[in-house]
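To keep things clear, I will list the structure first and then write my remarks on it.
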Amino acid sequence: MVHLAQIDAPPRNDGLEKAIQDRLADLDSGKYKRNNAHVLRLCAEWLRREHDVNRVEEITSQDLRQFARALRECMDNEKSNINAGSTVTQYYDYVAAWLGWAVRDQYLDRNPARTETATEPLPEVSTDPDRQFWSDREREAICATTDQLVDVALDNPDEQARRQAYRDRALVYLLAYSGCRGAEIAAVNDDEKRNGLRWRDLNLDDGIISVYGKSREWEEAPLFEPAIEPLRRWRQLLNPVGDDWPVLPTMHLPTLYGELPTDVETSPDTVWADLREHELCPPSLGTDGVRRIVKRLCADSQYEFAKPLKPHGARRGLGDTLYQEQAELAQDALRHKSIETTHESYSEERTRRVKERGDELFE
């Protein structure tokens with residue numbers, strides 16, 4: 001058997017490749033589409049070599065059982081980038097989703113990847129990889145940290161440092177009191193539709209944000225009152241040329257310099273004025289940058305965090321606070337399609353609270 005790590009998987013001219021191309025055509029551009037293309041072509045090339053399969057209709061559960069084993073063997077190969085159980089299941093899920101799509105597109109009558117025969121060799125992976133959420137105390141602490149940084153920056157003659165303090169506070173309050181995902185407010189590499197939240201998407205008077213959601217459709221999210229004033233103050237300081245400016249622009253000076261014409265002599269003191277003068281838009285902060293900023297703020301804070309907060313924990317924490325008040329309130333704020341999704345997201349917390357209340361009764 002040829003090891004998966006040794007397989008080169010270029011596009012071929014057969015039925016498998018046609019089904020892959022049809023599947024990719026239904027996906028939006030970006031990292032998810034590229035990952036699908038890589039994994040599906042890897043699977044297709046393996047099927048050709050090991051089982052002489054050239055069409056989707058020929059794939060069986062036994063073929064996929066062997067593919068699952070081949071994926072698992074990659075975990076023991078130092079040259080393979082499939083080196084964790086979670087990666088194995090992710091790769092397999094790409095293939096299973098492709099074959100589920102093939103059923104809906106009438107290539108197949110049933111999905112051969114979703115049988116016990118096929119999935120039995122897959123490694124067991126925790127279904128709860130990282131359920132971190134910001135507690136009420138942690139939300140208040142990280143926000144207070146940014147408030148203090150802004151207070152210090154008021155006396156700082158360095159305007160760039162002042163801008164960064166105000167922007168970082170706006171970022172943290174936006175995460176803490178909107179329920180938005182990081183990819184809905186910051187730029188995502190190689191995804192042109194996720195280029196960062198713009199001021200035109202933010203209605204501070206009504207407390208509503210328009211975001212390009214996980215569904216890849218525009219959705220309206222609430223912006224709760226504590227975040228309004230930090231965002232107003234930040235906009236006043238930033239003084240954007242127009243509503244197409246990002247709410248969270250990068251502060252990386254070389255990147256800002258790169259937006260200006262080459263004949264413009266700029267500096268840290270003048271770069272923002274130069275951007276306004278030439279009516280140019282600064283790039284948005286990216287999702288990696290958001291993670292770094294939150295981690296840095298936790299490290300610099302006078303408050304002690306059990307471990308650095310993660311941006312997505314803000315969404316989960318806000319949802320937990322709202323869920324304690326009313327499940328439907330959390331559902332609406334987090335934009336879940338069904339209340340069952342909301343219950344499932346907070347089932348562990350709900351069970352813990354039931355136990356605590358029950359223990360009080362039995363005492």
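The values are calculated or read from the model by the stated rules, or taken from the named source; none is laboratory data. Worth saying up front: this structure is predicted, and the values here are computed from it rather than measured. Because the Cβ atoms are built from the backbone with ideal geometry, glycine has one as well, and the counts that use them run over all protein chains shown. Surface accessibility is based on the protein's heavy atoms, side chains included, excluding ligands, DNA and RNA. Shrake-Rupley method; radii C 1.70, N 1.55, O 1.52, S 1.80 Å.
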Next item on the list: Spot the failing condition for residue 166; the list is (1) modelled with pLDDT of 95 or more; (2) open to solvent by 30 Å² or more (accessible area, probe 1.4 Å), and only one is missed.
Entry: (2)
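Residue by residue, here is whether (1) open to solvent by 50 Å² or more (accessible area, probe 1.4 Å); (2) without any contact (Cβ under 8 Å) to a residue 40 or more places away in the chain; (3) outside any helix (DSSP H, G or I); (4) of a type outside the set (A, V, I, L, M) holds:
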| site | (1), (2), (3), (4) |
| --- | --- |
| 100 | no, yes, no, yes |
| 137 | yes, yes, no, yes |
| 144 | no, no, no, no |
| 147 | no, yes, no, yes |
| 157 | yes, yes, yes, yes |
Check: Quick one: is residue 302 farther than 21 Å from residue 196 by Cα and modelled with pLDDT under 90?
Finding: yes
Margin query: Cβ-Cβ distance below 7 Å, separation of 6 or more or different chains: which pairs start in region 248-270 with a residue that is within 14 Å of residue 161 (Cα to Cα) and end on one that is polar (S, T, N, Q)?
Written below: 249/284; 250/284; 251/160; 251/164; 268/160
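Suppose we filter 60, 89 for residues that are of a type in the set (Ser, Thr, Tyr) and open to solvent by 40 Å² or more (accessible area, probe 1.4 Å); which single one remains?
Values: 89 fails: open to solvent by 40 Å² or more (accessible area, probe 1.4 Å).
It is 60.
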Notebook entry, point to check: In this structure, does residue 229 turn out to be without any contact (Cβ under 8 Å) to a residue 40 or more places away in the chain and out of contact with any Pro (no Cβ under 6 Å at 6 or more places or on another chain)?
Noted result: yes
Margin query: Please go through region 302-333 and give me each residue that is under 20 Å from residue 223 (Cβ atoms), out of contact with any helix residue (DSSP H, G or I) (no Cβ under 7 Å at 6 or more places or on another chain), open to solvent by 20 Å² or more (accessible area, probe 1.4 Å) and part of a helix (DSSP H, G or I), ordered by number.
Written below: 316, 325, 332
Next item on the list: Mind listing just one residue for me: the one in region 199-242 that is of a type in the set (Lys, Arg) and farther than 17 Å from residue 169 by Cα and, of those, modelled with the highest pLDDT?
Entry: 200
